[in-house]
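The values are calculated or read from the model by the stated rules, or taken from the named source; none is laboratory data. Since the model is a prediction, treat every value here as computed from it, not as a measurement. All Cβ positions, even for glycine, are placed from backbone atoms using ideal geometry, and neighbour counts span all protein chains on display.
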Amino acid sequence: MRDSYLVFGQPLIEQAEIDEVVGSMQAAWLGTGPKAAEFERRVAAYKGVPHAVGLNSCTAGLHLACVVLGLEPGDEIITTPMTFCASINAIIHAGATPVLADVDPVTMNIDPEAVRRAITPRTKAILPVHFAGRSCAMDELMAIAKQHDLKVIEDCAHAIETEYHGQKAGTIGDLGVLSFYSTKNIVTGEGGMVLTRDAELAQRTKMMGLHGMSSDAWKRFSDDGYRHYDVEEIGFKYNMMDLQAAIGMHQIDRVEAYWQRRQVIWNRYLEAFANMPLQTPATWPDNERHALHLFTLLVNEADAGISRDNMLIALHKQNIGTGVHYRAIPDLKVYRERCGWRSEDYPNAKMIGDRTLSLPLSPKLTDQDVEDVIAAVANAVDC
């Protein structure tokens, strides 16, 4: 067994971002400023969109996406039960009503046919989540959206590198939202970004992310002199700081190198687990690109001889950190009570939520770390 604990999702922080953060502190510009703007520019260039708006979290981005698209109380937004609670909370905070559509048991992404069945006269938008970094079936979802005149918000928290039929995730719908949380493929500690091809949506997102003011602090105190601002709407305090962007602007430059390292780890896991009584992630079509954000095992106690929860404990005792992505949303207390959702109505999400377990998959992992994970899994299932 390893001597030290292997933390799940630990990011790789290199000297360039450390120096950039120190530079921000020495310059005493900590809030939204030139580095936030530069990070936005670099992410927009990587994703191939004209507009990217940096925010303090992906959750903020999802909330603002609902707001700037004009979704109102009584409007319904269809999303997946296999997601983090932030996807649901953002809809509720915007005043809209979340509606769940079950997932495909293989891709673990929202099932377009389930979306069709969930549409009502009140449906105004679809919020697909590219789970673990695998793209949703966007052609089908966009066709449904066009047929019913619905908006599409892509939750790309797992999907900065994801591509679908030659298109980059987050650029297919009306808005895409990225996460730079500390366990994500590109990190700023906390942080998010909204992507769009629509200049008006970008402008309103930026304005609503900074109190509804007409110009941000950097522009007010530029070399051109002082500019009075106005407050045009009742906005939020969601802007990204330069301290966050100082990390991200170097991380984004290494996004491909990090993806390649995770691919090596992914393939080693697939090789090692091929003959174990565990379900590994499904393959994907050649015309798609997986972001390789989460390597999820499904643990069926009847096959593995151990439950998912006991396997979590067994790996923890061997100094291996893990994650659960995710328990099905209807299994969580507040949504059962508030929304009346029942797990049995979403059987695929329930099955995944009861069995899923995520293994470490960070570019920071050494080859020995990877072998330690494999050995611990083998010990847990007695292989």
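Criterion first (over 23 Å from the mean Cα position of the chain (by Cα) and within 25 Å of V370 (Cβ to Cβ)) does S358 satisfy it?
no
Within segment 174-208, restricting attention to residues that are free of Cβ contacts under 8 Å to residues at least 40 places away in the same chain and farther than 16 Å from K151 by Cβ, which residue is surrounded by the fewest Cβ atoms within 10 Å (Cβ to Cβ)?
First, the residues of segment 174-208 that are free of Cβ contacts under 8 Å to residues at least 40 places away in the same chain: 200, 203, 207.
From the residues that got through so far, the ones that are farther than 16 Å from K151 by Cβ too are 203, 207.
Working: Q203: 15, M207: 21.
For segment 174-208, the residue satisfying everything is Q203.
Just checking, which of D111, D75, D3 is among the charged types (D, E, K, R), outside the structural domain of A159 (by TED's automatic domain parsing) and over 27 Å from E256 (Cβ atoms)?
Working: D111 fails: outside the structural domain of A159 (by TED's automatic domain parsing); D75 fails: outside the structural domain of A159 (by TED's automatic domain parsing).
When all the criteria are applied, what remains is D3.
Is it the case, given these coordinates, that A257 is in contact with an Asp or Glu (Cβ under 7 Å, 6 or more places away or on another chain) and either closer than 25 Å to A157 by Cβ or part of a loop (DSSP other than H, G, I, E, B) (or both)? I'd like the intermediate steps shown before the answer.
Values: in contact with an Asp or Glu (Cβ under 7 Å, 6 or more places away or on another chain): no; either closer than 25 Å to A157 by Cβ or part of a loop (DSSP other than H, G, I, E, B) (or both): yes.
No; evaluated as a whole, the condition is false for this residue.
So, A314, is that one in a helix (DSSP H, G or I), surrounded by 14 or more Cβ atoms within 10 Å (Cβ to Cβ) and small (G, A, S) or not? Full working, then the answer.
Working: in a helix (DSSP H, G or I): yes; surrounded by 14 or more Cβ atoms within 10 Å (Cβ to Cβ): yes; small (G, A, S): yes.
For A314, the condition - in a helix (DSSP H, G or I), surrounded by 14 or more Cβ atoms within 10 Å (Cβ to Cβ) and small (G, A, S) - is met.
Residues V334, V324: which one is modelled with pLDDT of 95 or more and touching a Cys at 6+ places or on another chain (Cβ under 9 Å)? Reasoning before the result, please.
Working: V324 fails: touching a Cys at 6+ places or on another chain (Cβ under 9 Å).
Only one candidate passes the filter, namely V334.
Counting only residues that are touching a Ser or Thr at 6+ places or on another chain (Cβ under 7 Å) and buried (at least 24 other Cβ atoms within 10 Å of the Cβ), how many does segment 92-127 have?
4
State all residues of segment 165-222 that are hydroxyl-bearing (S, T, Y) and at pLDDT below 95; if no residue qualifies, say none.
Step one: filter segment 165-222 for residues hydroxyl-bearing (S, T, Y), giving 171, 179, 181-183, 188, 196, 205, 214-215, 222.
Across segment 165-222, the qualifying residues are S214, S215, S222.
Name the single residue, out of those in segment 33-43 being among the hydrophobic types (A, V, I, L, M, F, W, C) and under 12 Å from D253 (Cα atoms), that is surrounded by the fewest Cβ atoms within 10 Å (Cβ to Cβ).
Here is the first cut: in segment 33-43, the residues among the hydrophobic types (A, V, I, L, M, F, W, C) are 36-37, 39, 43.
Checking the rest, the ones that are also under 12 Å from D253 (Cα atoms) come to 39, 43.
Numbers: F39: 28, V43: 26.
Among them, the one singled out is V43.
Would you mention how many residues in segment 274-311 are over 30 Å from G166 (Cβ atoms) and in a loop (DSSP other than H, G, I, E, B)?
10
Within segment 12-20, is even one residue modelled with pLDDT of 95 or more, of a type in the set (A, V, I, L, M) and buried (at least 17 other Cβ atoms within 10 Å of the Cβ)?
Let us first name the residues in segment 12-20 that are modelled with pLDDT of 95 or more, namely 12-20.
Subsequent filtering for residues that are of a type in the set (A, V, I, L, M) retains 12-13, 16, 18.
With the extra rule that they be buried (at least 17 other Cβ atoms within 10 Å of the Cβ), the set shrinks to none.
For segment 12-20, residues modelled with pLDDT of 95 or more, of a type in the set (A, V, I, L, M) and buried (at least 17 other Cβ atoms within 10 Å of the Cβ): absent.
Which one of these is touching a Pro at 6+ places or on another chain (Cβ under 9 Å) and of a type outside the set (F, W, Y): K151, K184, K146, K168? Explain how you work it out, then say what you get.
Working: K151 fails: touching a Pro at 6+ places or on another chain (Cβ under 9 Å); K146 fails: touching a Pro at 6+ places or on another chain (Cβ under 9 Å); K168 fails: touching a Pro at 6+ places or on another chain (Cβ under 9 Å).
Selected residue: K184, the only one of K151, K184, K146, K168 that is touching a Pro at 6+ places or on another chain (Cβ under 9 Å) and of a type outside the set (F, W, Y).
Residues checked against (1) touching a Ser or Thr at 6+ places or on another chain (Cβ under 7 Å); (2) surrounded by fewer than 18 Cβ atoms within 10 Å (Cβ to Cβ); (3) more than 28 Å from A169 (Cα to Cα); (4) touching a residue at least 40 places away in the same chain (Cβ under 8 Å):
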| residue | (1), (2), (3), (4) |
| --- | --- |
| R262 | no, no, no, yes |
| R268 | no, yes, no, yes |
| A272 | no, no, yes, yes |
| L278 | no, no, yes, yes |
| N287 | no, yes, no, yes |
| F295 | yes, no, no, yes |
| I320 | no, no, yes, yes |
